[in-house]
1. Which residue pairs have Cβ atoms closer than 6 Å, lie 6 or more positions apart in sequence or on different chains, and pair a first residue in the stretch 13-32 that is part of a helix (DSSP H, G or I) with a second residue that is among the acidic types (Asp, Glu) and buried (at least 16 other Cβ atoms within 10 Å of the Cβ)?
2. Say whether the condition of being under 20 Å from ASN157 (Cα atoms), in a helix (DSSP H, G or I), touching a Gly at 6+ places or on another chain (Cβ under 8 Å) and of a type outside the set (D, E, K, R) is met by at least one residue in the stretch 75-84.
3. Of everything in the stretch 49-68, what is assigned to a helix (DSSP H, G or I) and out of contact with any Lys or Arg (no Cβ under 9 Å at 6 or more places or on another chain)? Give them in sequence order.
4. Can you name every residue in the stretch 4-47 that is buried (at least 16 other Cβ atoms within 10 Å of the Cβ) and of a type in the set (Asp, Glu)?
5. Go through (1) closer than 29 Å to LEU186 by Cβ; (2) touching a Leu at 6+ places or on another chain (Cβ under 6 Å) and name the single condition LYS148 misses.
6. Can you tell me how many residues within the stretch 94-130 are closer than 16 Å to GLN165 by Cα and within 18 Å of the chain's Cα centre (by Cα)?
7. Please go through the stretch 80-112 and pick out each residue that is β-branched (Val, Ile, Thr) and in contact (Cβ under 8 Å) with a residue 24 or more places away in the chain.
8. List every residue pair whose Cβ atoms sit under 6 Å apart, with the two residues 6 or more apart in sequence or on different chains, where the first one lies in the stretch 45-57 and is closer than 7 Å to ARG152 by Cβ and the second, anywhere, is part of a helix (DSSP H, G or I).
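Derivation of every value follows stated rules applied to the coordinates shown; laboratory data play no part. Predicted model only: the values in this text are computed from it and were never measured. Because the Cβ atoms are built from the backbone with ideal geometry, glycine has one as well, and the counts that use them run over all protein chains shown.
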Amino acid sequence: MSKKVVIAFEGIEGSGKTFHINYVSNYLEKKKIDHIKLREPGGSKNSEKIRKLILNKKSNFNKNTDLLLYLSSRSENIEYIKKFYKKKIILLDRFTDSTIAYQHYGMGVNLTILKKINNYLLKNFKVDFTFLYIVNKKNMKKRLQQRKSLNRYDKFNDKFYKKVQNGFLKIAKEKKRVYQIIDSNLSIKLNKKIIINKLNKIIK
């Protein structure tokens, strides 16, 4: 019997979080362990519509509009997610920490306002464990160059990504939740082993 935990996968572009959440999802499927997997922005039908608007290369929203669009996407997702809360393992490709890292640390949006709206949406829903992926500038650029298409958030400057990654690390140091920092500059094989070992401890 596995624990019905909520696990978030966080990190900047090119850090490997999406690759590894898919790997974990496949692992759980093979083990026949019930789970759902969602991405932010996106996930539910309406949230995917908002995702297209946010990430469109032609969009040029100001930082406050960006924040409200992300939170609108979460608002559409949260009722769907809550249906499975404590019933299935929930895997999230980005969640609240991304909002804080990008919108506050990266763009300078007021943290108090951000947290108030977020708490209003989430109420008693919380993440149990977070895998945080870090990556150096060289590997990030290399991975982004390999993508078939780039969205608006794939095209910020190096200074922005550095602020966001440092923001993630500050969040992790608060230790309000359990974190596992994954150095995605290391080999994929090694990181897969680290992640699965930690996963098995979390869900058992």
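1. These pairs meet every condition: THR18/ASP93; ILE21/ASP93.
2. Here is the first cut: in the stretch 75-84, the ones under 20 Å from ASN157 (Cα atoms) are none.
There is no residue in the stretch 75-84 that is under 20 Å from ASN157 (Cα atoms), in a helix (DSSP H, G or I), touching a Gly at 6+ places or on another chain (Cβ under 8 Å) and of a type outside the set (D, E, K, R).
3. Passing the criteria: LYS49, ILE50, LYS52, LEU53, LYS63, ASN64, THR65, ASP66, LEU67, LEU68.
4. Correct list: GLU10, GLU13, GLU40.
5. (2)
6. 15
7. Hits for the stretch 80-112 are ILE81, ILE89, ILE90, THR96, THR99, ILE100, VAL109.
8. Note: pairs meeting the criteria are LEU55/ARG152; LYS57/ARG152.
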